[in-house]
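As structure tokens, the structure follows; a few thoughts come after it.
Read-outs throughout are calculated quantities, based only on the coordinates presented, and are distinct from any laboratory measurement. For clarity, every value in this text was computed on a predicted model and none was experimentally measured.
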Amino acid sequence: MIDFTGKRGLVLGVANRRSIAWAIAQKLAAGGATLAFTYQGGRIEKSVRELAESVSSPLLTECDVRSDEGVERVFSEVGEAFGGELDLLVHSVAFADARDLEGRFTDTPRDRFWLALDVSAYSLLSAARAAEPLMEAAGGGSILTMTYLGGERAVPHYNVMGVAKAALDASVRYLAWDLGQKNIRVNAVSAGPVRTLAARSIAGFPTMEAIVEERAPLHRPISAEDVGAAAAFLLSDAAQNVTATTLYVDSGFHAMGM
Ligand code: NAD
Ligand code: 0WE
């Protein structure tokens, strides 16, 4: 277990108990961190409230990352809850229109292309910008986002989400440069397929899991808990000189050529 005693964190992207964000939050809370949470939309409020209460969260608030004012409001609430300081930020948010995760990338219309990049990539910048003064006040901080190999290679059907992850991956490097000056680190975990809400609705997901298990060096499926452990490391002081990097939790699949 990693010690997060006295650390204060904000977690974006819990939808239910299967969410990768929740697996990360559990590792941080087990280490003694105090965590604030956001959720998107009233439909999932109840499930996220139950989870937040189970780790004695001092703040749960709504946030649609498409709104700059919404993101700024969340961080002002976080500042009030945590005495103007923040140590940890978990960004575990992605969305593309379901129609764009089947069929051909070529057919993605302009508005839905920008929707995917807005929610899945730009949101890291807006959150990092709002976190910066709070983390500076804390003497530094650590920001963690979730990415996928589909941003580096063409994974059939991942389509516009792959383009969004490519933008997200580059954003990690540029944010790490900007914020390094303030002792704020920015990293990503690249997870192999994990059976979450966002993944379950995807046709062919079981096939993808089977391909990873067959071809990855470790021949085993990836659990949200595995991802949580790697994320906790990057968020912790054990990674104090680690920034601008991607840690793969994919049973080694990314290293294979066949
Ligand atoms: P999930 O559905 O549990 O989490 C996705 C979250 O994004 C949800 O909480 C949802 O509410 C939130 N979200 C979507 N649109 C939003 C908006 N406009 N404003 C605010 N929040 C919004 O699924 P997950 O698999 O835990 O996904 C979390 C992250 O992990 C995503 O970035 C995803 O790309 C990444 N990831 C997932 C896998 C996988 O196989 N599940 C693999 C690699 C990376
Ligand atoms: O990032 C993801 C999934 C993100 C996601 C999922 C959905 C489903 C519901 C984004 N937007 C939506 N929109 C919805 O309406 N992953 C890494 C999991 C994933 O998704 C795939 C994958 C993998 C892996 C889609 C196609 C192919 C592979």
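Put simply, the C-alpha atoms of the range 16-135 give a gyration tensor, and the ellipsoid matching it has half-axes of 28, 17, 12 Å, longest first. P(r) tail, the range 82-154: Cα-Cα pairs separated by more than 13 Å, 71% of all pairs.
Which percent of the Cα-Cα distances in the range 103-210 go past 17 Å? Tail of the P(r) past 17 Å holds 59 percent of the pairs. Across the range 159-258, Cα-Cα distances exceeding 18 Å account for 56% of all pairs.
For the chain, the share of alpha carbon pairs falling in successive 5 Å distance bins from zero is 1, 6, 14, 18, 21, 18, 12, 7, 3, 1, 0 percent.
Note that the range 1-81, at 4 °C in a medium of 1.567 mPa s, gets a Stokes-Einstein diffusion coefficient of 102 µm²/s from its Kirkwood radius over C-alpha pairs.
Extent along the principal axes, Cα only, for the range 211-252: 35, 19, 11 Å, with the longest axis given first.
Under 5 Å from the amide H of L10 lie the amide H atoms of A36, L88, L89, V90, each residue being 5 or more positions distant or on a separate chain, with H modelled from the backbone and absent for Pro and chain starts.
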